[in-house]
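Structure record follows, encoded as structure tokens.
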Amino acid sequence: MDEDVEQFKTITGVAADHVAHGYLEISGGDPMQAIQLFFENPELQASFNAPAASTSASSRQPATTPSQRLTGREDASGVIHIDSDDDDDVRMTDQGFGADDEEDEIAAAVRNAQEEEDAAMARRLQEEIYSENNASGDGVRAPIAQTTETLAAPDMSWGLDDDREAAVMEQLRRRRRAQGGASTNPFNQSSVEWFDVDDGTGPRNPPVPSSDSTTRRLRDLFAPPTSLITRLPLDAARDVGKEEKKWILVNLQKLDDFRCQVLNRDHWKNEDIASLIREHFVFLQYTLDDPLAQSYTTFYFANQAHEDENNYPHVSIIDPRTGEQVKVWSGDGFPSPAEFHHDLVEFLDRYSLAANSKNPVVKSKPKTRPKDIGRMTEEEMLEMALQNSLNEDGGTSEPTVHDPDALTKSNPDIGKGKGKAVEEPIDLTGGSSQTPQETAGSAFSQISSTNPHVEPENNPATTTRIQFRHAGGRIIRRFTITDSVRRIYEWLKAEPLEGKEGVQFELKAMPAGRDLITELDKTIEEAGLKQGTVMIEFIEDP
């Protein structure tokens, strides 16, 4: 036991024997476990001090009291000195046995005190952990309380009932200000920085740090046209366009492309262009870091084409009624301010949002037959290899987004008929001189209007569902894939929409806007309408 005490004191650095005895008693005499217990719970040594001090005093009290009656005496080191050989020797021997008994009683008292202290601590911890269940008494832990937290709360005054979009936008502004790049670079003016979204439209002037006059002039020169921009998401802008009979003009900005900055400086500050935009367009300008731009890039850029720098500068016009992209300017060939103004005037002359107007029809591109490499000459193979090498090395700078309006200009007669009338050529061979509109009208009039449609039973192998969208909503019908396109026309003529009885209509395959009147004899599968979307456009007389 003494060796264990010395080992405990050597390793732990404890000088008091009673502390070592106390830890060894708790550990069942195992010195290693006692040492580990000391380092894990050093506060237990305080519990050994009080009992040890009290018991030491009590143990010495009987030692000094008998010494006054016995002939022997005990010095400070505990050595007993006997003065004479009398009967008191027996008393001294009895006193030694009594001291051993007292030591055992002290050790037992220490153990009991430690056990009581440990039990009291365990009860206290248990009461703290299960205090909520004391009333029930069933011993089951209470369920975890429901908590609600706010992911984006830039200000302590923001609550859960405030505008979430405004909170996110404010968080973006703070991050951009923390980065420091947006406020010092005059060409890095994000649409997130320039607008408050509390009311959706209010422009604001972001705080500009102290800089030289040149930086301030450049920032003002290339600032976005806040007086023209309508700060709305694309869907909300379409609603405004339908109410006010205005087209949606969208400018997507890439901040690190200087050509996009030129539009802010030259085009949008041109008074002629600005007056046209105010009168006929709902103007949206988004930067790529703007959350409002995500819906636009998702709908109108395929295969992440918005990340291609060859597609910038990018401006497009969207039909607010259908969401169709009807005009696009994209890439290096972006027109000058004068040319852009001319293009806008020409577009407004050829297109209209009036209910009785007939806009130009997009024609599909002629399909190019793939070249047979086996029949190519050596020069043709070399030219194709050079072209493929340029494409792989990024040598070409052609945009991947094309103008759908360019496909309508192959027929110069398409339009609303403004301007001077063009004399129709006379066919001396006796052929028909009908225009494409007249040909389509005659084909539409020959379609039966007494053949209603009965939906077939659902069979994924032989049937398909087609979604028909119109100004009043949408309809979904099931057809067999072998039905002809004419069958769709017959159904709509036999079962017209409410309020559209006898009104001529056109069917456009989306998203290309292909007129299906020229494909009446094709099957639904051949026309590519399986699980497709068809737009219904009614042609009403003024």
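The values are calculated or read from the model by the stated rules, or taken from the named source; none is laboratory data. Quick caveat, the model's predicted, so the values are computed rather than measured. Cβ: placed from backbone, ideal geometry, glycine included. Neighbour counts: every protein chain shown. For accessibility, only protein heavy atoms count, side chains too; no ligands or nucleic acids. Shrake-Rupley method; radii C 1.70, N 1.55, O 1.52, S 1.80 Å.
Find the accessible area per residue for region 253-321; the probe is 1.4 Å, ligands and nucleic acids are left out, and the unit is Å². If you can, show how the numbers build up before the last one.
Details: 2840 Å² over 69 residues.
Value returned for region 253-321: 41 Å² of accessible area per residue.
Quick check on region 245-314: what are the equivalent-ellipsoid semi-axes from the Cα gyration tensor, as sqrt(5λ), descending, whole Å? Provide the component values of the computation, followed by the final result.
On the way: eigenvalues 96, 50, 16 Å².
Equivalent-ellipsoid dimensions as semi-axes: 22, 16, 9 Å.
Could you state the orientation-averaged shadow area of the convex hull built on the Cα atoms of region 445-542, in nm² to one decimal?
Details: hull surface 25.7 nm².
Mean shadow area of the hull around the Cα atoms is 6.4 nm².
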(request) Give a residue-ordered list of calculated ³J(HN,Hα) values for region 329-344 (Karplus: 6.51 cos²θ - 1.76 cosθ + 1.60, θ = phi - 60°; whole Hz; x for Gly, Pro). (result) 10, 8, x, 5, x, 5, x, 6, x, 5, 5, 5, 4, 5, 5, 5
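Just to check, using Stokes-Einstein with a Kirkwood Rh over alpha carbon pairs, what's the diffusion coefficient of region 231-283 at 4 °C and 1.567 mPa s in µm²/s? Working shown, then result.
Values: Rh = 12.1 Å.
It comes out at roughly 107 µm²/s.
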(message) Using a 7 Å offset from Cα along Cα-Cβ at SER227, what residues in region 322-338 end up with backbone N under 20 Å from the label point?
(response) 337-338
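State which entries of LYS245/LYS358; LYS500/LYS530; LYS327/LYS508 exceed 19 angstrom in Cα-Cα distance in the structure shown.
Values: LYS245/LYS358 15 Å; LYS500/LYS530 26 Å; LYS327/LYS508 17 Å.
Result: LYS500/LYS530 exceed 19 Å.
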(message) Testing the spin-label approximation: label points 7 Å from Cα along Cα→Cβ at LYS245 and ALA109. State their distance in nm.
(response) 10.7
(message) If amide hydrogens are placed 1.01 Å from N in the peptide plane, which non-local residues have theirs closer than 5 Å to the one on GLN253?
(response) TYR286, THR287, LEU288
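For region 288-333, which semi-axes, largest first and in whole Å, follow from the square roots of 5 times the eigenvalues of its Cα gyration tensor? Present the calculation step by step, with values, prior to reporting the outcome.
Working: eigenvalues 59, 43, 16 Å².
They are 17, 15, 9 Å, listed largest first.
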(request) Can you tell me how much longer the chain between GLU43 and LEU348 gets when fully stretched, taken as 0.36 nm per residue apart minus their C-alpha distance, in nm with one decimal? (result) 101.0 nm
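With charges set only on the Cβ (+1 for Lys and Arg, -1 for Asp and Glu), what does the dipole of region 299-360 come to about its Cα centre, in debye to the nearest 20? Walk me through the intermediate numbers first.
Working: 4 positive and 10 negative charges, 84 e Å.
Approximately 400 debye in magnitude.
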(request) Show the residues, 5+ positions off or on another chain, whose built amide H is closer than 5 Å to the amide H of ILE539. (result) GLN504, PHE505, GLU506
(message) Just to check I understand the Karplus step: with θ = phi - 60° and J = 6.51 cos²θ - 1.76 cosθ + 1.60, what whole-Hz values come out for region 111-120, glycine and proline as x?
(response) 5, 5, 5, 5, 5, 5, 5, 5, 5, 5
(message) So, R0 is 30 Å and r is the distance between the beta-carbons of GLU279 and PHE538; what FRET efficiency does that work out to, to 0.05?
(response) 0.70
(request) Report the residues of region 276-296 in range of a label on ASN356: point 7 Å along Cα→C-beta, backbone N strictly under 20 Å from it. (result) none
(request) Express in nm, to one decimal, how much length is gained between GLU102 and ASN459 on full extension, taking 0.36 nm for each residue of separation and deducting their alpha carbon distance. (result) 118.7 nm
